[in-house]
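Trainee: Take this structure first; my questions come after.
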Amino acid sequence: MRALLIRDLTLALRAGGGFGLGLAFFLIVTVLVPFSVGPQAELLQLIAPGVLWLGALLACLLSLDRLLALDFEDGTLDLLLTAPLPLEGALSVKALAHWLTTGLPLVLAAPVLGVLLNLAPAGYLWLVVSLAVGTPALSVIGCFGAALTVGIKRGGLLLSLLVLPLYVPTLIFGAEVARRGAGGQEVATPLLMLAGITCAVIALMPFASAAVLRMGLR
Amino acid sequence: MLRVDDLTLARGGIPVLTGLSLALAPGQALILRGPNGAGKTTLLRSIAGLQPPLSGRIEGAEDRVAYAAHADGLKAMLTVTENLAFWARIFGTSDITPALDAFDLHGLADRLAGTLSAGQKRRLGLARLLVTGRPVWVLDEPTVSLDTGAVALFAAALRAHLAQGGAALIATHIDLGIEAQVLDITPFRASAATRAGASDEAFL
């Protein structure tokens with residue numbers, strides 16, 4: 001399994017691997033918001049947690065269609081299926097690699113982009129915490145979407161349509177943690193809900209992903 | 001070593017093969033013949049465990065099959081060595097030197113797989129069989145895009161594999177120059193009558 005993780009990380013970092021695409025997208029979306037909303041510091045401060053969460057979520061979505069499609073095209077998935085590695089484990093590892101190359105950079109970049117949106121000083125910590133807890137769920141759910149659409153020509157758009165509704169609970173509770181944190185309110189309830197969602201999808205989603213992938217590869 | 005009993009297989013919801021049985025002993029190679037669309041690939045994919053049969057049994061295939069099809073599972077941005085070492089670690093082996101030797105890949109070891117020619121990629125894909133350490137090779141047209149020299153390398157690797165007590169099931173149309181039984185699967189073609197209730201599709 002470690003071999004698979006190392007290979008996926010290596011591929012992401014080499015030319016054409018797409019590392020940094022999500023991060024650049026996040027940066028651009030966040031920079032565009034003040035232009036579209038206007039230079040009202042109070043308004044920006046109000047919407048900053050939600051905008052940052054939405055930006056991170058869309059950036060996460062951007063690289064999902066490559067998660068399994070490339071391995072499908074070159075036959076790697078067929079060969080992995082015949083390997084001694086359980087498919088559930090292989091998909092978990094692929095989701096982990098996706099999070100390390102997409103989600104984690106977003107978490108680290110979010111405070112910097114918070115400055116652009118005039119995020120309240122109290123909100124930085126909770127923004128990072130909520131993203132760190134929530135983005136793994138985005139990768140794991142995204143892996144399920146990628147498994148569903150594998151083999152479909154131009155499945156990227158379909159993937160987005162399937163995955164975005166599944167992101168709703170994570171978005172609601174994640175943005176709520178960041179919003180309450182910025183407002184200096186109690187964050188325990190939404191944070192625990194967010195952590196619960198993440199734990200549940202990490203535990204259960206790989207089984208669903210592996211099941212649909214086995215059907216898709218027949 | 002490998003037994004297949006009374007197998008019925010479908011592809012895309014349409015039955016292609018029915019009543020097929022075969023057996024492989026250690027050291028034995030079996031060549032599959034049949035016209036295009038006869039079901040050679042479907043049979044090999046079923047034995048590799050990639051698609052379930054409609055009926056019948058496959059014994060001795062689980063976790064013992066090394067499968068090689070038209071796509072070699074190579075990453076263009078990894079070198080030849082990295083590609084092989086990855087599959088070696090996935091299959092729990094570590095030494096890739098014999099595989100590099102057998103397919104004469106030492107000169108290419110540090111090249112990116114994406115820069116190789118079709119025949120060189122194929123050689124790398126076949127070298128992957130050696131690092132799996134699996135006893136049953138299931139090969140779908142292994143000699144596509146290989147030149148005569150590379151075919152000889154492959155035949156030598158296959159002979160060594162059989163000599164070590166391995167077995168091989170190969171769909172091919174060229175003569176590999178090895179001792180092998182030939183099975184023509186044309187007589188097992190499914191008739192329209194088998195169509196009833198046949199479906200291998202999850203979402204039709």
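Quick note: the coordinates plus some simple rules give every number you see, no bench work behind them. Just so it is clear, the model here is predicted, and its values are computed rather than measured. Note that we place each Cβ from the backbone using ideal geometry, even for glycine, and neighbour counts take in every protein chain shown.
Trainee: Taking the Cα centre of the stretch B:1-60 as origin and charging only Cβ (+1 Lys, Arg; -1 Asp, Glu), how large is the dipole, in debye to the nearest 20?
Mentor: Roughly 180 debye, rounded to the nearest 20.
Trainee: Please report, in Å, the Rg and the Dmax of chain B, where both are computed over Cα atoms only.
Mentor: 17.4, 55
Trainee: Here's something else I'd like to know. From the helices alone, meaning DSSP H stretches of at least four residues, give me the mean residue ellipticity at 222 nm for chain A, per-run term -39500 (n - 2.57), in deg cm²/dmol to the nearest 500.
Mentor: That comes out to -27500 deg cm²/dmol.
Trainee: Taking chain A as a Gaussian network, where each spring joins two C-alpha atoms under 10 Å apart, which residue of A:Gly183, A:Gly103, A:Gly174 fluctuates the most?
Mentor: Looking only at A:Gly183, A:Gly103, A:Gly174, the biggest GNM fluctuation is shown by A:Gly183.
Trainee: Which value, in debye to the nearest 20, describes the size of the charge dipole of the stretch A:2-217 about its Cα centre when Lys and Arg Cβ atoms bear +1, Asp and Glu Cβ atoms bear -1, and nothing else is charged?
Mentor: 140
Trainee: Still on this structure, I have one more. Spelling out what I want: for every residue of the stretch A:25-35, take phi, set θ = phi - 60°, compute 6.51 cos²θ - 1.76 cosθ + 1.60 (Karplus), and round to whole Hz; glycine and proline get x.
Mentor: 4, 4, 4, 5, 4, 5, 5, 6, 4, x, 5
Trainee: In terms of Cα to Cα distance under 24 Å, which lysines are near enough to B:Lys75, apart from those fewer than 8 places away along the same chain?
Mentor: Straight-line reach from B:Lys75, under 24 Å: A:Lys94, A:Lys153, B:Lys121.
Trainee: To continue, here is another question. State the Cα centre-to-centre distance between the stretch A:49-73 and the stretch B:46-64 in whole Å.
Mentor: One Cα centre to the other: 36 Å.
Trainee: Just the number: Rg to Rh for the protein assembly as shown, Cα atoms, Kirkwood Rh, two decimals. Kindly include the intermediate steps, with their values, before the conclusion.
Mentor: Details: Rg = 25.4 Å, Rh = 23.7 Å.
Taking Rg over the Kirkwood Rh, I get 1.07.
Trainee: If we count other beta carbons within 10 Å of each Cβ, what is the order of B:Lys40, B:Lys75, fewest first?
Mentor: Values: B:Lys40 24, B:Lys75 21.
So the ranking, lowest neighbour count to highest, is B:Lys75, B:Lys40.
Trainee: Once amide H atoms are built 1.01 Å from N in the peptide plane, which residues 5 or more positions from B:Ser55, or in another chain, come under 5 Å H to H?
Mentor: Here the answer is B:Thr8, since their amide H atoms fall under 5 Å of that of B:Ser55.
Trainee: Would you give the gap between the C-alpha center of the stretch B:76-113 and the C-alpha center of the stretch B:11-43, rounded to a whole Å?
Mentor: 30
Trainee: Further question: Order of B:Trp137, B:Trp87 from fewest to most other C-beta atoms within 10 Å?
Mentor: By the 10 Å Cβ count, ascending, the order reads B:Trp137, B:Trp87.
Trainee: May I ask for the angle, rounded to the nearest 10°, between helix B:118-132 and the longest principal axis of chain B, with both axes built from Cα atoms and the value confined to 0 to 90°?
Mentor: Roughly 80 degrees, rounded to the nearest 10.
Trainee: Follow-up question, since we're still on this one. Whose amide H sits under 5 Å from the amide H of B:Thr79, counting only residues 5 or more places off or on another chain, with H placed in the peptide plane?
Mentor: B:Ala113
Trainee: Plugging the Kirkwood radius over Cα pairs into Stokes-Einstein for chain A, at a temperature of 37 °C and a viscosity of 0.692 mPa s, what D comes out in µm²/s?
Mentor: Value of D from the Cα-based Kirkwood radius: 185 µm²/s.
Trainee: Determine, for A:Cys199, A:Cys60, A:Cys143, the number of other Cβ atoms within 10 Å of each Cβ, and report the residues in order from fewest to most. Numbers along the way, then the final one.
Mentor: Details: A:Cys199 13, A:Cys60 27, A:Cys143 30.
Starting with the residue having the fewest Cβ neighbours, the order is A:Cys199, A:Cys60, A:Cys143.
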